[in-house]
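Colleague: Sharing a structure with you now.
Every read-out reported here was derived from the displayed coordinates using simple, explicitly stated rules and does not represent laboratory data. Note that this is a predicted model, so its numbers are computed, not measured. A quick note on method: Cβ atoms are made from the backbone with ideal geometry, for glycine too, and the neighbour counts reach across all protein chains shown.
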Amino acid sequence: MEQYSNTSQDKILYQIKRLGPQSVKSLARTLNVTTMGIRQHIALLAADGLIVALPEEPQPRGRPAKPWKLTEKGHQRFPDGHAQVTADLILSVRELLGESAMDKIIEQRTRETFELYRRGLKKYKTLASKISHLAELRTKEGYMAEVLEQDGEFILSEHHCPICIAAKSCQGFCRSELDVFQKLFAGSASVVREDHILNGARRCSYRITPNT
């Protein structure tokens, strides 16, 4: 599978993936290029079936703007972590060993992931620095994570799920990730999932609220 690279068209795909549907003007502003250049790339991406236009949206000034979103083919340009192979393995484990074996695998994955992140965050002293580094770790794993501080709370957003196909086959993977985040910050903050790709959201996001 082709992965994200640094070409102009890949930069456009990346911004749409990260921010959701984008107009030509918003892309030009974000990437600091001309709208003419963006339109040329948009035309090529649309012709390749990587993006599709949504209905025009009225603007406070000027003509309505036409947002562009990724197609399924466009989403496939991003890493998937060999998810289809994983999904097939999940099916085989269930058929051969039963649901309890699948639960044990997820429990083991939860323990290993928690320990990996715990060691990675150990040297960071503040909650903000820990969350920021967690986002870096998740991004290296393909989750396209970023952190926004909002009214004393933190929003950890993940704009891509490299195990999405596997998670659809076994939602225990999603529960595992939430469990890991909650254990990582136990005693210092609460963690709740606010957006979930499997529920139709364009990203997964977690609200991390410091304990008072």
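Colleague: Pairing the Cα long axis of helix 99-121 with the longest principal axis of the chain, what angle in degrees results, from 0 to 90 and rounded to the nearest 10?
Modeller: On a 0 to 90 degree scale, this one is about 80.
Colleague: While we're on this one: Would you work out the charge dipole size for the chain about its Cα centre, treating the Cβ of every Lys and Arg as +1 and the Cβ of every Asp and Glu as -1, and quote it to the nearest 20 debye? Provide the component values of the computation, followed by the final result.
Modeller: On the way: 31 positive and 25 negative charges, 135 e Å.
That gives a dipole near 640 debye.
Colleague: Here's something else I'd like to know. What are the semi-axes of the equivalent ellipsoid of the chain, taken as the square roots of 5 times the eigenvalues of the Cα gyration tensor, listed largest first and rounded to whole Å? Walk me through the numbers on the way to the answer.
Modeller: Details: eigenvalues 226, 109, 42 Å².
The three semi-axes for the chain are 34, 23, 14 Å.
Colleague: Then there is this: At a Cα cut-off below 23 Å, give the lysines reachable from Lys66, other chains included and same-chain residues fewer than 8 away excluded.
Modeller: Output for Lys66: Lys11, Lys17, Lys25.
Colleague: For the chain, modelled as a GNM with alpha-carbon contacts under 10 angstrom, which of Lys122, Lys130, Lys11 fluctuates the most?
Modeller: Top of the fluctuation ranking is Lys122.
Colleague: With springs connecting C-alpha atoms under 10 Å apart, model the chain as a Gaussian network and identify which of Pro21, Pro67, Pro58 has the largest mean-square fluctuation.
Modeller: Taking springs between Cα atoms under 10 Å, the residue moving most is Pro58.
Colleague: Something else now. How many Lys pairs in the stretch 93-194 lie less than 28 angstrom apart by Cα atoms, where the lysines are 8 or more positions apart or on different chains?
Modeller: Qualifying lysine pairs in the stretch 93-194: 16.
Colleague: As I understand it, the dipole of the chain uses +1 on the Cβ of Lys and Arg and -1 on the Cβ of Asp and Glu, about the Cα centre. Which of Ala101, His75, Ile12 lies farthest toward its positive end?
Modeller: Ile12
Colleague: In nm, give the distance between the simple-model label positions of Leu96 and Arg18, each being 7 Å from the Cα along the Cα-to-Cβ direction.
Modeller: A separation of 4.1 nm, rounded to one decimal place.
Colleague: If I stretch the segment between Glu107 and Arg39 completely, what's the gain in nm (0.36 nm per residue apart, minus their alpha carbon distance), one decimal?
Modeller: Working: separation 68, 0.36 × 68 = 24.48 nm, distance 4.80 nm.
Stretched fully, the Glu107-Arg39 segment lengthens by 19.7 nm.
Colleague: Taking amide H positions as placed in the peptide plane 1.01 Å from N, state which residues far from Ala189 in sequence (5 or more) or on other chains have amide H under 5 Å from it.
Modeller: So Ala189 has HN proximity to Asn211.
Colleague: Picking from Pro162, Gly120, Phe185, whose Cα lies most toward the positive end of the charge dipole for the stretch 83-210 (charges on Cβ: Lys, Arg +1; Asp, Glu -1)?
Modeller: The listed residue farthest towards the positive side: Gly120.
Colleague: Also, I was wondering about something else. Using a 10 angstrom cutoff on alpha carbons, build the Gaussian network for the chain and name the most mobile of Asp151, Asp195, Asp48.
Modeller: Answer for the Gaussian network model of the chain: Asp151.
Colleague: Sticking with this one: Once you have the Cα-Cα distance between Glu72 and Arg118, take 0.36 nm times their residue separation minus that, and quote the gain in nm to one decimal.
Modeller: Values: separation 46, 0.36 × 46 = 16.56 nm, distance 3.47 nm.
Contour length minus the Cα-Cα distance gives 13.1 nm.
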